[in-house]
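Okay, structure first, notes after.
Since every read-out is calculated from the coordinates, none of them should be taken as a lab result. What you see is a predicted model, and the numbers here were worked out from it, not measured in a lab. A quick note on method: Cβ atoms are made from the backbone with ideal geometry, for glycine too, and the neighbour counts reach across all protein chains shown.
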Ligand code: ZN
């Protein structure tokens, strides 16, 4: 893992949450982005290099909707940046961690992402992310 990249927070209403976090952090979000494949709308705040990602469900089968129904709003995942996500997937599988899918997916904020199942990480959903470089 290179560094803590962001903390993902599940929210019911992104517009409200954006206002709250803008007040809390003393800055505006730098990006709002929908990821249709994941059924989420996201916004990002940069806090000196570590980001806060707010996630609102946009579909009825969105993982964020299910999460909020089960556990309420709050911290959904912690994301770490890696150099090579495909190598990291293999590495963590070999160490016995349970991955959600074997292939990285395109996530928000120009990233390839993959998740480690919370069953294998003390109940914390861990995201691996790699910045997409080039066109
Ligand atoms: Zn994330």
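Odds and ends about this structure:
- Each label was represented as a point 7 Å from its Cα along the Cα-to-Cβ direction; for residue 23 and residue 50 these points are 2.4 nm apart.
- Percentage relative contact order, the stretch 1-94, counting C-alpha pairs under 8 Å, at least six apart: 39 percent
- In nm, spacing of pseudo-spin labels at residue 36 and residue 133 (7 Å Cα→C-beta vector): 3.0 nm
- Inter-label distance for residue 103 and residue 2, nm, one decimal - labels placed 7 Å from Cα along Cα-to-Cβ: 2.4 nm
- Order of 62, 34 under a 10 Å beta carbon neighbour criterion, fewest first: 34, 62
- Share, in percent, of DSSP beta bridges within the chain that are antiparallel, nearest 5: 75 percent
- √(5λ) per eigenvalue of the Cα gyration tensor, the chain, largest first, Å: 24, 17, 14
- Mean separation of Cα contacts under 8 Å (6+ apart) over length of the stretch 51-119, as relative contact order %: 19 percent
- Contour excess over end-to-end distance, with Cα ends at residue 93 and residue 80 and 0.36 nm allotted per residue: 3.1 nm
- Residues 30, 92 arranged by fewest to most Cβ contacts within 10 Å: 30, 92
- Helix-derived mean residue ellipticity, 222 nm - over the chain, DSSP H n ≥ 4, -39500 (n - 2.57), to 500: -7000 deg cm²/dmol
- Residue order, fewest to most surrounding Cβ atoms within 10 angstrom, among 70, 51: 70, 51
- Reduced Cα scattering model of the stretch 70-135, Debye log10 I(q)/I(0), q = 0.13 Å⁻¹: -0.35
- Expressed to the nearest 5 percent, the antiparallel share of DSSP beta bridges inside the stretch 1-79 is 80 percent.
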